[in-house]
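Below is one structure, written out as structure tokens, with a few remarks after it.
The values are calculated or read from the model by the stated rules, or taken from the named source; none is laboratory data. Predicted, not measured: the structure shown is a model, and the values here were computed from it. Using ideal geometry, Cβ is built from the backbone for each residue, glycine included, and neighbour counts are taken over all protein chains shown.
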Amino acid sequence: MNPLEMFKNAQKIQEQMVLLQEKLGEVIITGCAGGGMVEVDMNGRMEPLAVRIAPEIVNKDEVLMLQELIISAFSDAVEKAREFVAAEVGGNIPANLNIPGFPL
């Protein structure tokens, strides 16, 4: 492959990565815990967007349980975001490549 062709391919890949980053910022993924009593929304970049807590589980005597449910919901959302990214990338990027901003 000649250098000019390699440069064009690199440019094309960079453009695709920018488009994917934009798409990841727009998608909303929801993680749940406690049967839906705690929900966490995040985008495909794994940036938290919102937390929803069912009022009936807010009890000053159960703060520890609530904290654990929030962590569980966040972990669920992270796993779903990783699955979404893997499906979007389609295995085109090796998992050990570690590209900033891409949660592989």
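Scan region 21-57 for residues that are under 19 Å from Ala77 (Cβ atoms), of a type outside the set (Lys, Arg) and either in contact with a Gly (Cβ under 6 Å, 6 or more places away or on another chain) or not in a loop (DSSP other than H, G, I, E, B) (or both) and report the count.
Result for region 21-57: 23.
Residue pairs whose Cβ atoms lie under 9 Å apart, separated by 6 or more positions or on different chains, with the first residue in region 1-29 and among the acidic types (Asp, Glu) and the second surrounded by 10 or more Cβ atoms within 10 Å (Cβ to Cβ), are Glu26/Asn43; Glu26/Gly44. Of everything in region 1-17 that is surrounded by 10 or more Cβ atoms within 10 Å (Cβ to Cβ) and among the aliphatic types (A, V, I, L, M), the residue that is farthest from Gly90 (Cα to Cα) is Met6. Taking the conditions (1) within 10 Å of the chain's Cα centre (by Cα); (2) surrounded by 12 or more Cβ atoms within 10 Å (Cβ to Cβ); (3) not basic (Lys, Arg) in turn, Glu88 satisfies each one other than (1).
All conditions but one from (1) crowded, with 16+ Cβ neighbours inside 10 Å; (2) more than 21 Å from the chain's Cα centre (by Cα) apply to Ile70; the one that does not is (2). Looking only at region 28-36, decide whether some residue is at positive phi, at pLDDT 85 or above and loosely packed, with under 15 Cβ neighbours inside 10 Å. Checked against the condition, which is being at positive phi, at pLDDT 85 or above and loosely packed, with under 15 Cβ neighbours inside 10 Å, region 28-36 yields at least one hit. The single residue among Lys80, Lys12, Lys8 that is part of a helix (DSSP H, G or I), of a type in the set (Lys, Arg) and modelled with pLDDT under 85 turns out to be Lys8.
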